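Take a look at the structure below.
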Amino acid sequence: MIGGGVVLAVLGVLLVALGTQFLRTKGWSALARPDGGYLPGGETGVQHEEKQAGLLRWLTTVDHKDIGILYLVFGTVAALWGGTEAMMMRTELLTPQADVWTAATYNGLFTTHGITMLFFFATPVFFGIGNYFLPLLLDADDMAFPRINAIGFWMLPPALLLARAGLPADALGKILSTVGIHIPILDVLHPPETGWTLYAPLSIQTTNPQVDLLLLGLHLSGIATTLGAINFIVTVVAERGEGVGWDNVDIFSWTMLSTSGVVLFAFPLLGSAVIMMLLDRNFGTTFYLVEGGGPILWQHLFWFFGHPEVYIIFLPATGLVSTILPKFSGRRLFGFRFIVYSTLAIGVLSFGVWAHHMFTTGIDPRVRASFMFVSLAIAVPSAVKVFNWLSTMYDGRIRLTAPMILSVGSVGTFIIGGVTGVFLAAIPIDLIYHDTQYVVGHFHFIIMGIIAMMMLAASYYWYPIITGRMYDQRLARLQAALTIAGVPVTFGSMLVMGALGLPRRYADYPTQFATLQQVASVGAFVIGVGALLWLWNMVQSYRVGPRVRDADVWNLKESGQFTREWQWFEEQLDERYAADGGETDD
Amino acid sequence: MHRALRAVAGGVVGTLVLGFFLLVLDTQARGALSVAGVVARFLGVPGRPVLAVALFVALAVVGWPALFVAVEEYLPFGPDPAARGVVFAAVIGIVFVVVGRGAISGPILVLYVGFAMLAHLAYGFALGSVYGRLAR
Ligand code: HEM
Ligand SMILES: [Cu+2]
């Protein structure tokens, strides 16, 4: 009775097996790697100093490197979840009608996509990188408060679950209902449809209880982020090793310090604002109702947090460019001090621009104008950075490794994202572009461009330190190229559509936009495929990638750029391999 | 551990992964397609989703691993069993997607193909890597 599918599958497998054998007899060696690969562990596998084994180690660790890895894994999971939603949105937008899902589902998608990406992907990944590398870069023994560090991380999974309870509740409800069990609460939790900005009055009138859980989740994630930020600040200020004075703190630590400073002032405010919204929703207060503070109050509070938040995730990305780009240009970072100053300047100025998100709300035109000027001014320190990066590369000895390709691509996409942003800061232009796809295109050039791309670059650059192995560099370069190509195709189309007047946050659109939307979707799928290649490369190389024996993976000694984290790595390798005289193989 | 046992252990882990991905597809699709229906068409028992899912689990826990053990040596990209498992499952995945498709069409086809393939690739990876790991 078992039908054609299974038989076909068996036949297919046999065919591949036979075909492979046939090609092998013809000498197609690529299918059976001559070097035999490197299986994990292996016969002579000598176990080196181990911490607590297995799951317990990960649940109880207070080691900054382990916590860093936990952050990175968590962030990756969130990215894949939010990325799935991005792919779903791009699928819905392939046709002008809302014919795959309902418009309500689309609303849920962009809301949860935005929240997942910003709070549970971007921030945690940079905190993970910071946790792993800041102590190494600063020659500190560990983070200043290891236990608080662990607590800060472990608040995130429940926060994510609270914020995103809609989908797991759906799935659980489905499974349980097939076996006849019915739990009502599972049916009423739907993904919120408020947008990540949670504007009043919609967010207060919505009856969906998932909005309350989301607010609690955001609150929890805010506490977690603040704890992490305090830890970074104290670590940089008080835990630096003997040889590390303020004069030679590296650029990535500087950006993490600035970011943490911004977190300290932004996230607690979000926490309070969110609690007030919870009260409005459940206890009859009127903070954001017309009778009380009014809906505009929410917008002010939200964006007083929200704009700094975008710099919270942007600054570490610039720190990574400033770290990685010079290494593959064979030159010192041009104008180090000015980059540090511009980073600090952005940190401060980021609190003075929030109302540029509110130009169309009817706030006082004089207030509006002042926010326009500050917003234009903040472009200057960003431009300083770009100038310094370009000058660093100028006349340098460029080596196009995967991290370098991504860094150069990041500078490029950041220029587009930044310049389109300057236009939005101009009131007359914003009045036209506000709430169009132009805005979505603009911020994705930064968020997917420099931010996500520099995370990828960092993963390629430091991979050997974290895993002790090397990845497939050709695949990495291909992935870098795919991502860099996908970003302008996807988000450039959005810029054009927005300029033509297409509003954002709609599942359907006039038919004349169909072609541009399809181009955007194809670009998004290219980025998606790239992400899967990255995942494969990371996981598979962790298992069977060639072991790194020489810590100078990138030939940094030659140009005198063998920085502290690599020196630490060299010591580790010496310890690991000295004992057995370098004889032990996998 | 005996090869067959190792393979079944891999099959169990793989099935959990496969099930997870297919469940995500089912919930993310929000009723626009039914994975149980796809599985039923793939197994040639359309209209009987419960039976189909039970059979499918048995197949993924025992059937595919058995076939994998039989053909492992002949598959490309060895000697890493995980890489071989991915190739192995990719073939099954393609057949699954084509035969199980039924009337699914339009934009959601993209999501269906992408996720069903991903589910199978992850299955093959889990199957192969557990199988290989237990060898030590
Ligand atoms: C391949 C990558 C990505 C694609 C294809 C994508 C696509 C989209 C789409 C189609 C929308 C909704 C547009 C609308 O109808 O209004 C959106 C919104 C958004 N995305 Fe992405 N995105 C990607 C990556 C990211 C990343 C990496 C982040 C953050 C780190 C991010 C953050 C956001 C935010 C904050 C919104 C606004 C949500 C709202 O309107 O409430 N996206 N994205
Ligand atoms: Cu802003």
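The values are calculated or read from the model by the stated rules, or taken from the named source; none is laboratory data. Quick caveat: nothing in here was measured; it's all calculated off a predicted structure. Here the Cβ positions follow ideal geometry from the backbone for every residue, glycine too, while neighbour counts run over all protein chains shown. All accessible areas refer to the heavy atoms of the entire protein, side chains included, with ligands and DNA or RNA removed. Shrake-Rupley method; radii C 1.70, N 1.55, O 1.52, S 1.80 Å.
Just one of the numbered conditions (1) under 30 Å from A:A520 (Cα atoms); (2) free of Cβ contacts under 8 Å to residues at least 60 places away in the same chain; (3) within 14 Å of another protein chain (Cβ to nearest Cβ) is not true of A:N107; which one?
Unmet condition: (2).
Please work out if B:G106 is in contact with an Asp or Glu (Cβ under 7 Å, 6 or more places away or on another chain), within 7 Å of another protein chain (Cβ to nearest Cβ) and more than 30 Å from A:T25 (Cα to Cα).
yes
How many of the residues in region A:499-526 are of a type in the set (V, I, T) and within 13 Å of chain B (Cβ to nearest Cβ)?
2
Residues that are without any contact (Cβ under 8 Å) to a residue 40 or more places away in the chain and out of contact with any strand residue (DSSP E or B) (no Cβ under 7 Å at 6 or more places or on another chain), at least 1 per element: which helices (runs of 4 or more DSSP H) completely within region A:153-240 meet that?
Passing ranges, in order: A:166-178, A:184-188, A:202-205, A:210-238.
Quick check on A:L216: is it within 14 Å of chain B (Cβ to nearest Cβ) and either open to solvent by 30 Å² or more (accessible area, probe 1.4 Å) or under 28 Å from B:A29 (Cα atoms) (or both)?
Considered against the rule, which asks whether it is within 14 Å of chain B (Cβ to nearest Cβ) and either open to solvent by 30 Å² or more (accessible area, probe 1.4 Å) or under 28 Å from B:A29 (Cα atoms) (or both), A:L216 comes out as no.
To keep it simple, each residue is scored yes or no on (1) crowded, with 22+ Cβ neighbours inside 10 Å; (2) within 16 Å of ligand 1 (Cβ to nearest atom).
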residue	(1), (2)
A:Y288	yes, no
A:G292	no, no
A:P295	no, no
A:W303	no, yes
A:E309	yes, yes
A:V321	yes, no
A:L325	yes, no
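A:A171: under 25 Å from the mean Cα position of the chain (by Cα) and of a type outside the set (S, T, N, Q), yes or no?
Here the answer is no, as A:A171 does not meet what is asked.
Test of understanding: among B:A103, B:A60, B:A82, which residue is in contact (Cβ under 8 Å) with a residue 40 or more places away in the chain, out of contact with any Lys or Arg (no Cβ under 8 Å at 6 or more places or on another chain) and either buried (at least 24 other Cβ atoms within 10 Å of the Cβ) or closer than 27 Å to B:L33 by Cβ (or both)? Quick ask: steps written out before the conclusion?
Working: B:A103 fails: in contact (Cβ under 8 Å) with a residue 40 or more places away in the chain; B:A82 fails: out of contact with any Lys or Arg (no Cβ under 8 Å at 6 or more places or on another chain).
Of the residues listed, the single one that is in contact (Cβ under 8 Å) with a residue 40 or more places away in the chain, out of contact with any Lys or Arg (no Cβ under 8 Å at 6 or more places or on another chain) and either buried (at least 24 other Cβ atoms within 10 Å of the Cβ) or closer than 27 Å to B:L33 by Cβ (or both) is B:A60.
Quick one: A:S272 ticks every box in (1) over 20 Å from A:F304 (Cα atoms); (2) open to solvent by 60 Å² or more (accessible area, probe 1.4 Å) except a single one, so which number is it?
That leaves (1) as the condition not met.
Can you run down the residue pairs with Cβ atoms below 7 Å, 6 or more apart or on separate chains, where the first is in region A:110-126 and open to solvent by 10 Å² or more (accessible area, probe 1.4 Å) and among the aliphatic types (A, V, I, L, M) and the partner is within 16 Å of ligand 2 (Cβ to nearest atom) and not in a helix (DSSP H, G or I)?
Short answer, once both residue conditions are applied: A:L118/A:W196.
Name the single residue, out of those in region A:535-578 being open to solvent by 50 Å² or more (accessible area, probe 1.4 Å) and within 14 Å of chain B (Cβ to nearest Cβ), that is farthest from A:V487 (Cα to Cα).
A:P546
Quick one: what pairs do we get from region B:18-43, first residue facing chain A (nearest Cβ under 9 Å), second outside any helix (DSSP H, G or I) and basic (K, R), C-beta under 9 Å, 6+ apart or different chains?
So the pair list comes out as B:R41/B:R101.
Among the residues that make up region A:366-379, is at least one of them assigned to a helix (DSSP H, G or I), within 16 Å of ligand 2 (Cβ to nearest atom), among the hydroxyl-bearing types (S, T, Y) and surrounded by fewer than 23 Cβ atoms within 10 Å (Cβ to Cβ)?
Looking for residues that are assigned to a helix (DSSP H, G or I), within 16 Å of ligand 2 (Cβ to nearest atom), among the hydroxyl-bearing types (S, T, Y) and surrounded by fewer than 23 Cβ atoms within 10 Å (Cβ to Cβ), one finds at least one in region A:366-379, hence yes.
If I filter region B:115-124 for residues that are open to solvent by 20 Å² or more (accessible area, probe 1.4 Å), part of a helix (DSSP H, G or I) and either within 16 Å of B:V13 (Cβ to Cβ) or in contact with a strand residue (DSSP E or B) (Cβ under 8 Å, 6 or more places away or on another chain) (or both), do I get at least one hit?
The answer is yes; a qualifying residue exists.
What's the number of the condition A:D552 fails, among (1) assigned to a helix (DSSP H, G or I); (2) more than 27 Å from the chain's Cα centre (by Cα)?
Of everything listed in (1) assigned to a helix (DSSP H, G or I); (2) more than 27 Å from the chain's Cα centre (by Cα), A:D552 misses just condition (1).
Would you say A:L167 is touching a His at 6+ places or on another chain (Cβ under 8 Å) and at negative phi? Quick ask: steps written out before the conclusion?
On the way: touching a His at 6+ places or on another chain (Cβ under 8 Å): no; at negative phi: yes.
No.
Within region A:292-327, count every residue that is more than 23 Å from the chain's Cα centre (by Cα) and of a type in the set (A, V, I, L, M, F, W, C).
So the count comes out to 4.
Determine which single condition B:L55 fails, assuming it passes every other condition in (1) part of a helix (DSSP H, G or I); (2) more than 10 Å from every other protein chain (Cβ to nearest Cβ).
Evaluating B:L55 over (1) part of a helix (DSSP H, G or I); (2) more than 10 Å from every other protein chain (Cβ to nearest Cβ) leaves (2) as the failure.
Residues to consider are A:L400, A:L424; find the one that is within 24 Å of A:V489 (Cα to Cα) and either within 14 Å of ligand 1 (Cβ to nearest atom) or open to solvent by less than 40 Å² (accessible area, probe 1.4 Å) (or both).
None of the others qualify; the one that does is A:L424.
With within 14 Å of another protein chain (Cβ to nearest Cβ) and either within 13 Å of ligand 2 (Cβ to nearest atom) or touching a residue at least 12 places away in the same chain (Cβ under 8 Å) (or both) as the only criterion, which of A:R469, A:R399 stands out?
Criteria check complete, one pass: A:R469.
Which condition number in (1) more than 7 Å from every other protein chain (Cβ to nearest Cβ); (2) part of a helix (DSSP H, G or I) is the one that B:F96 fails?
Status for B:F96: all satisfied but (1).
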